[in-house]
Amino acid sequence: MAEDYTKEGAQYGFHFDQSLCNGCKACQIACKDKHDLPVGVTWRRVVEYSGGSWQVQGNTFEPNVFAYYTSVSCNHCENAVCMEVCPTTAMSRRPDGTVYVDESKCVGCRYCQWACPYGAPQLNAETGHMSKCDLCYDYRSEGKDPACVSACPSRALDWGPIDELREKYGETNSVAPLPDPSITKPHLVISPHRDAQAWDSGTGQITNPKEI
Amino acid sequence: MNIHELPMIIFTVVAQMSIGAFWALGAIQVFGRYRKLTVSTIDRITDVGMYAVGPLLVAGFIAAFFHLNDPFHAIYTMNNLGSSWLSRELLAGVLFGGFGAAFAISQWFGWLTRGIREIIAILTAVAGLFLLIAMSGVYYSTSTIPAWNNVSVPLFFFESALLTGPLAVAVALLIVWTSNPLAKIRKQAKEPLNAELVAFLRASLRGLSVVATVAGIAIFVTYPIYLLALSHGGDAAEYVASEISTSFLLWRLLLLGIAVVIAGVFAFSKVQTANQPQKVLIVLIVLALVLALTSELMGRSIHYDGLWREGLNTWQTIAG
């Protein structure tokens, strides 16, 4: 029998290993393909973050540059700001802890999109409703992994109950360019890149803004 | 101009104008009583304005509907009053519109007693305040958008209501002074305004232009404080500060400046000497209203340009 991947109270989330990601965007495309998303709707996005500074050693200034990728989708946050602001309660949580859009209620006002610091809810202009990652609920009910996790060639993505992920990979979730994690308490664990910058360091910038 | 948010720009500016107008009409009622005028006399000059507020608000709500991508689900928008300021805004809007309509209809047909009608009017004014607070809350409560999570946003909204509302009422008073459209509609005998009522009308016009001028100046003072706060408010806020500091903002302030000078200097002094509704006065007040409204619409467009999050801004944010 397939394992139960929609367990009540499991509080599922993602793990992302920044040190393994090479920015190929297979996760993004797998997601788009699986959910048949129209142009302009991208539930999982790969953000390129780069920057640099000078290191001073004695009389020598040495450049110190960095660049790394972060694959982000919905983090099924504990304090989901999208659910808080949604006027219709269409943005709701399943018993397994994942957040989804109840399309029978959504009015398409985009307020959730305005508020989410991860850009997770996006408007599907074809339906007039908001849409977002539901951690592949249908795949999980069949005992399968989410599409993005299966697609990653370098195995940088993992998923599971957030407590298990934190035990296995640690507690880090505050890497730039992601926002202050205390706002929403994301169900996300990151194994940071060796050059990863703190969320509030302001040392770099997103270099592919139109791709995310 | 922020075309994507045009429905919201029109809705917020127009709804705030109707709240400000309703308050201004209430203030004239209170002022008239202080001057010991009879209620029906005061009504003669405030009713036109009051009947204009309703359609104005309805127009605003119709505009807001265009913001929704599935208006058929609009009935669900009050499901989350416990935590969503947007739900609260809609409730407040319905209350303001509902009480206002009840007051206008009972006033027109002379239903209920005067006392009960006045209670409904007070409820409308309070609902208007609730609507302004909820409207501010929709933007102010978004902790992830620094350009909105700033005390200047509720200030701008209140100032906007007190700028455009009184000017709109001033235009309505001038219409009453020039002709009496209500008497025409209701086929009543046209009584000319007596000297006492003309004096009261002029005093009201002066008061309205003073309030509008002060509100306009307040907007002027709020802008540098707002921009200063943004340019020291972290990456996302700094980005917005530099994005909105354009000639568009300059024109917005210039138009506002002209409106304030017209209302505060020319119209105010013209009213003092006018014994009849002169053309110059009408042109001045209408011009002040048109300029103030245009400036506020531009300012609200700039407000929506402030939609820039801390964290990730997706292509959908950039494209609007």
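Every read-out reported here was derived from the displayed coordinates using simple, explicitly stated rules and does not represent laboratory data. Every value quoted in this text rests on a predicted model; they were computed, and no experiment measured them. Cβ sites come from the backbone with ideal geometry, for glycine too, and all protein chains shown count toward neighbours.
For the pairs A:Lys25/A:Lys144; A:Lys105/A:Lys210; A:Lys25/A:Lys132; A:Lys7/A:Lys144; A:Lys32/A:Lys144, note any where the Cα-Cα span goes beyond 24 Å. Write down the numbers at each step before the final one.
Working: A:Lys25/A:Lys144 21 Å; A:Lys105/A:Lys210 30 Å; A:Lys25/A:Lys132 18 Å; A:Lys7/A:Lys144 13 Å; A:Lys32/A:Lys144 17 Å.
Result: A:Lys105/A:Lys210 exceed 24 Å.
When the Cα atoms of the range B:51-166 are enclosed in a convex hull and the volume is divided per residue, what value in Å³ results? Don't skip to the end; give the middle numbers.
On the way: hull volume 15.2 nm³, N = 116.
Hull volume normalised by residue count: 131 Å³.
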Round to a whole angstrom and tell me the spacing of the C-alpha centers of the range B:274-320 and the range A:99-119.
28 Å
Is there a quick way to get the dipole size of the protein assembly as shown? I mean about its Cα centre, with the Cβ of Lys and Arg at +1 and of Asp and Glu at -1; what is the value in debye to the nearest 20?
2860 debye
Sorted by Cβ density within 10 Å, fewest first, the residues A:Lys7, B:Lys279
B:Lys279, A:Lys7
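For B:Phe72 and B:Val30, what is the calculated FRET efficiency with R₀ set at 35 Å and r taken between the beta-carbons, to the nearest 0.05?
Computed FRET efficiency for B:Phe72 and B:Val30 comes out at 0.25.
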Over what distance in Å are the Cα centres of the range B:173-203 and the range B:5-74 separated?
21 Å
Once R0 is set to 56 Å, what does the formula 1/(1 + (r/R0)^6) return for the Cβ-Cβ distance between B:Ser242 and B:Lys279, expressed as a FRET efficiency to the nearest 0.05?
0.80
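Would you mind getting the Kirkwood hydrodynamic radius of chain A from its Cα pairs, rounded to one decimal in Å?
Working: mean 1/r = 0.0559 Å⁻¹.
For chain A, inverting the mean 1/r across all distinct Cα pairs yields 17.9 Å.
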So the pair-distance distribution of chain B, from every Cα-Cα distance in 10 Å bins, comes to percents of 6, 26, 32, 23, 11, 3, 0
Both in Å, the radius of gyration and Dmax of the C-alpha trace of the protein assembly as shown are 28.0, 96
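Based only on Cα atoms, what Rg/Rh ratio does the range A:94-212 have, Rh being taken as Kirkwood's radius? Write down the numbers at each step before the final one.
Values: Rg = 16.0 Å, Rh = 16.5 Å.
In the range A:94-212, Rg relative to Rh is 0.97.
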Name the residue, out of B:Arg206, B:Arg117, B:Arg35, whose mean-square fluctuation peaks in a Gaussian network model built on chain B with Cα pairs under 10 Å.
B:Arg35
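Taking 8 Å as the Cα distance limit and 6 or more residues as the minimum spacing, I'd like the relative contact order of the range B:1-81 as a percentage. Before the final figure, lay out the partial values.
Details: 48 pairs, mean separation 37.2, N = 81.
For the range B:1-81, the relative contact order is 46 percent.
Using the eigenvalues of the Cα gyration tensor, what equivalent ellipsoid semi-axes result for the range B:93-245 when each is taken as the square root of five times the eigenvalue, whole Å, largest first? Numbers along the way, then the final one.
Details: eigenvalues 318, 85, 24 Å².
Three semi-axes, in Å: 40, 21, 11.
Once R0 is set to 25 Å, what does the formula 1/(1 + (r/R0)^6) return for the Cβ-Cβ distance between A:Ile29 and A:Glu103, expressed as a FRET efficiency to the nearest 0.05?
Numbers: r = 24 Å, r/R0 = 0.95.
Computed FRET efficiency for A:Ile29 and A:Glu103 comes out at 0.55.
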Return one number: the angle in degrees, 0 to 90 and rounded to the nearest 10, between the long axis of the Cα atoms of helix B:195-231 and the longest principal axis of the Cα atoms of chain B.
10 degrees
Please return the longest stretch of chain A lacking exposed loop sites, where GluC sites (Glu not before Pro) count only if DSSP places them in a loop and at most 16 other Cβ atoms lie within 10 Å.
A:9-77
Kirkwood Rh and Cα-based Rg: tell me the resulting Rg over Rh for the range B:198-320, rounded to two decimals.
1.14
Could you give the size of the charge dipole of the range B:1-135 about its Cα centre, using +1 on the Cβ of each K and R and -1 on the Cβ of each D and E, expressed in debye and rounded to the nearest 20?
600 debye
Name the residue farthest towards the positive end of the dipole of the range B:163-320 from the options B:Leu250, B:Val260, B:Ile285, assuming +1 on Cβ of Lys and Arg, -1 on Cβ of Asp and Glu, about the Cα centre.
B:Ile285
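Within 10 Å of each residue's Cβ, count the other Cβ atoms and sort B:Val211, B:Val94, B:Val221 from fewest upward. Before the final figure, lay out each step's value.
On the way: B:Val211 22, B:Val94 15, B:Val221 11.
In order of increasing Cβ crowding within 10 Å: B:Val221, B:Val94, B:Val211.
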How do A:Lys34, A:Lys132 line up, fewest other C-beta atoms within 10 Å first?
A:Lys34, A:Lys132
How many angstrom lie between the Cα centre of the range A:123-178 and the Cα centre of the range A:59-96?
11 Å
Based on C-alpha coordinates, I'd like the Rg and Dmax of the range A:1-102, in Å.
19.4, 67
